[in-house]
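Shown next, in structure tokens, is the structure this report addresses.
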Amino acid sequence: MIGQDGGVPIPPLRRPPVQRRSAERLGRILDACAELLDEISYEELSTRAVAERANVPIGSVYRFFSNKRAMAEALAHRNLDEYATRITRRLAASDSGPAGRGGWREAMDVVVDEYLAMKRGAPGFALIEFGHPVPATARPDQPNHLVADRLRVLLADRLGDGGSGGSGTDEVAEERLRVAFLLAVEAADALLQLAFRMDPEGDPAIVAETKELLRAYLARVLD
């Protein structure tokens, strides 16, 4: 299955919904999972508790998911789809405003702002975000790899706005851009986690410095 904007694939369900009623039931299960993760730890989460909160038979949960890890991973990928949708919506609204279409710097500010909005208000996001905890060994399907790749695809039409820096089809330039986005996401992730440790709403000074760091670092590649 592919994400809404043609980005990274999402984990396959045991049995994908084919009817509207089944899709709505899947949505209720993921909503219930998210709500419970605001109340209890991942270790305390159970498929039975999710079924009870969603008001569905336990068999309905196992129809889609083999265990709670698979359910959490599906929630994480739904979060990533929602994040991409929010960014796209914000950028479209900004482009239609009096200032017209912005460049990559404005787009990166939106990327940070929409993450902050989800961190503050999206059910279950504070614990799961964009991925279930994974081993520290580097793997291309780790959450930050997925986020970086999704953002690079999402913002592709804005990445040349900062200046003229060679052909977009050049393999070396493309690989440099891929690495730059991954490092930017890793750095922003660490700094914004610090911001929320300092302040439950995200320390404003650290958020502002994170945006400055992203602009300065990405300018080396995009300008």
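Examine the stretch 61-78 for a residue that is outside any helix (DSSP H, G or I), buried (at least 20 other Cβ atoms within 10 Å of the Cβ) and out of contact with any Ser or Thr (no Cβ under 6 Å at 6 or more places or on another chain), and state whether such a residue exists.
First pass over the stretch 61-78, keeping only residues outside any helix (DSSP H, G or I): 65-67.
Still in the running and buried (at least 20 other Cβ atoms within 10 Å of the Cβ): 65.
Of the ones still in play, those that are also out of contact with any Ser or Thr (no Cβ under 6 Å at 6 or more places or on another chain) are 65.
For the stretch 61-78, residues outside any helix (DSSP H, G or I), buried (at least 20 other Cβ atoms within 10 Å of the Cβ) and out of contact with any Ser or Thr (no Cβ under 6 Å at 6 or more places or on another chain): present.
Looking for whichever is surrounded by fewer than 16 Cβ atoms within 10 Å (Cβ to Cβ) and aliphatic (A, V, I, L, M) here; the options are I128, I40. Which one fits?
I40
Cβ-Cβ distances below 8 Å connect the following pairs, each with a first residue in the stretch 111-124 that is open to solvent by 10 Å² or more (accessible area, probe 1.4 Å), a second residue that is of a type in the set (S, T, Y), and a separation of six or more residues or different chains: E114/Y83; Y115/Y83. Scanning the stretch 146-191 for residues that are at pLDDT below 90, exposed (fewer than 15 other Cβ atoms within 10 Å of the Cβ) and either among the hydrophobic types (A, V, I, L, M, F, W, C) or touching a helix residue (DSSP H, G or I) at 6+ places or on another chain (Cβ under 6 Å) (or both) yields A156, G166, V172, A173.
Taking the conditions exactly as written (part of a helix (DSSP H, G or I), free of Cβ contacts under 8 Å to residues at least 60 places away in the same chain and either hydrophobic (A, V, I, L, M, F, W, C) or more than 26 Å from A184 (Cβ to Cβ) (or both)), does A51 satisfy them or not? It is true that A51 is part of a helix (DSSP H, G or I), free of Cβ contacts under 8 Å to residues at least 60 places away in the same chain and either hydrophobic (A, V, I, L, M, F, W, C) or more than 26 Å from A184 (Cβ to Cβ) (or both). Checking each residue in the stretch 15-64 for being touching a Lys or Arg at 6+ places or on another chain (Cβ under 8 Å), among the charged types (D, E, K, R) and more than 13 Å from P123 (Cα to Cα) picks out R15, R63.
Which residues, taken from the stretch 131-145, are among the polar types (S, T, N, Q) and either more than 19 Å from the chain's Cα centre (by Cα) or at pLDDT below 80 (or both)?
T137 - this is the single residue of the stretch 131-145 that is among the polar types (S, T, N, Q) and either more than 19 Å from the chain's Cα centre (by Cα) or at pLDDT below 80 (or both).
In the list A92, A49, which residue meets the criterion of being modelled with pLDDT under 95 and of a type outside the set (S, T, N, Q)? Result of the check over A92, A49: A92.
The values are calculated or read from the model by the stated rules, or taken from the named source; none is laboratory data. Model, not experiment: these values are computed from the prediction. Here the Cβ is made from the backbone with ideal geometry for all residues, glycine too, and neighbour counts use every protein chain on show. Side chains are part of the model used for accessible areas, which takes the heavy atoms of the whole protein and leaves out ligands, DNA and RNA. Shrake-Rupley method; radii C 1.70, N 1.55, O 1.52, S 1.80 Å.
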